[in-house]
Amino acid sequence: MTEPRAQGAPPREVNVGIGAGADAVAGARGKELATEDMILNIGPQHPSTHGVLRLRLTLDGERIASAEPIVGYMHRGAEKLFEVRDYRQIIVLANRHDWLSAFANELGVVLAVERMLGMEVPVRAVWTRTLLAELNRVLSHLMFLGSYPLELGAITPVFYAFRERETLQAVMEEISGGRMHYMFNRVGGLKEDMPLGWLGRVSRAVSDVRRRLPDIEHLIAGNEIFLARTVGVGVLDRETIMQYGVSGPIARAAGVDLDLRRDDPYLAYGELPVRVVTRSAGDCNARFEVLLEQVKVSLDLADACLERLRELPRGPINQRLPKVLKVPEGHTYAWTENPLGVNGYYLVSRGEKTPWRLKLRSASYNNVQVLREMLPGNLVSDMVAILGSMFFVVGDIDK
């Protein structure tokens, strides 16, 4: 349509859509009620996300017509900083992009460097790394298990989730000295050996979390309000997942049976019975169910690691390194199954003490880009439910 204009001025076109509820009005009046499409910016101020994200939505009434996720508000240039730090220093930067998965982030870097060096890591370090990676996975999942119901209006589950997080944080802090940014991985192994009696304390912590996990499950599973907000909402199909490179719990909730711990084992996963949790619905509820079930799997894997570590004789936990560590010229790609999905590390070396290039493929970036396919057609009121179920950390996107 055209708007009234001054004499001699060219007409200005305005896009017009049919607003929500227009059909009912049209039936009553015998004509359509035309409404102008509205552009709505969500963010960049924490709209129920874990970081700073902006969504540019085009609304037709209360329904989303198109969505564009806009990232980059937290960009810190970590990949360029890698190029001017040596192989000890880059671990500090690498563990911070996903602040819920610090140990797993460190792991990918040291695995890539060790592969370039052709270095064999002591067996005790391999099993301890596997144990810590699974504990870190549980910590990450518990954060989302508590915060997602909170975003839908359920306050209580987050208190239960943080109770379990504190139980595991205590043993992680004891061994590493760090609460979020552990800095415990080293090229060739781990920073230092386990404290005396630490395995027993970890075993009790894992047992306590497993015993109390049903408290969270009973609060949410079967809850009528939670099911009404999540079942059939934000459905993501397998074809879209493959096109966008979505991975982790989000992909497995739509039936994509992929987990690097089983399909391309690293650390000690080749000797462990990794059970891959999948669902077929691909909606918000399926994603939550996968996350909850994966916590149970990780606790089982942690118990298996503890059992093996008790059997191993005392020995070194790391390799002795030269004062200046230089990596041979070449390149390699290492990937790991991080809590949020597949993380990839492409390392290029020119034989110097710093990487010539270290490209990071983070899971959250692909997981958030698919929102442009998921959100259109949904109501604005369902946007937060969909957004919260995608389980991303914005620092992992912006790096």
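Numbers for the structure displayed
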read-out	value
Any hit, region 101-123, residues being polar (S, T, N, Q), at pLDDT below 95 and within 28 Å of R262 (Cα to Cα)	yes
Scan of region 44-68 for residues that are touching a Pro at 6+ places or on another chain (Cβ under 8 Å), at pLDDT 90 or above and open to solvent by less than 20 Å² (accessible area, probe 1.4 Å), ordered by number	I64, A67
Number of positions in region 382-399 that are surrounded by 22 or more Cβ atoms within 10 Å (Cβ to Cβ) and among the acidic types (D, E)	1
Filtered residues of region 212-254 (kept if free of Cβ contacts under 8 Å to residues at least 24 places away in the same chain and part of a helix (DSSP H, G or I))	P214, H218, E224, A228, E239, M242, Q243
From the options V202, V209, residue that is surrounded by 15 or more Cβ atoms within 10 Å (Cβ to Cβ), in contact with a Ser or Thr (Cβ under 8 Å, 6 or more places away or on another chain), of a type outside the set (D, E) and outside any loop (DSSP other than H, G, I, E, B)	V209
Test for W99: is it part of a helix (DSSP H, G or I) and of a type in the set (F, W, Y)	no
Residue match in region 189-198 (condition: modelled with pLDDT under 90, in a loop (DSSP other than H, G, I, E, B) and open to solvent by 70 Å² or more (accessible area, probe 1.4 Å))	no
Subset tally (residues that are assigned to a helix (DSSP H, G or I), in contact with a Leu (Cβ under 8 Å, 6 or more places away or on another chain) and crowded, with 16+ Cβ neighbours inside 10 Å) for region 152-174	10
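Conditions (1) in contact with a helix residue (DSSP H, G or I) (Cβ under 9 Å, 6 or more places away or on another chain); (2) closer than 24 Å to N136 by Cα; (3) of a type outside the set (V, I, T), marked per residue:
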site	(1), (2), (3)
Q294	yes, yes, yes
C305	yes, yes, yes
L309	yes, yes, yes
A334	yes, yes, yes
K353	no, no, yes
R361	no, yes, yes
S364	yes, yes, yes
G377	no, no, yes
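The values are calculated or read from the model by the stated rules, or taken from the named source; none is laboratory data. Quick caveat, the model's predicted, so the values are computed rather than measured. With ideal geometry, Cβ positions are generated from the backbone for all residues, glycine too; neighbour counts draw on all protein chains shown. Keep in mind that these areas ignore ligands, DNA and RNA; they rest on the heavy atoms of the full protein, side chains included. Shrake-Rupley method; radii C 1.70, N 1.55, O 1.52, S 1.80 Å.
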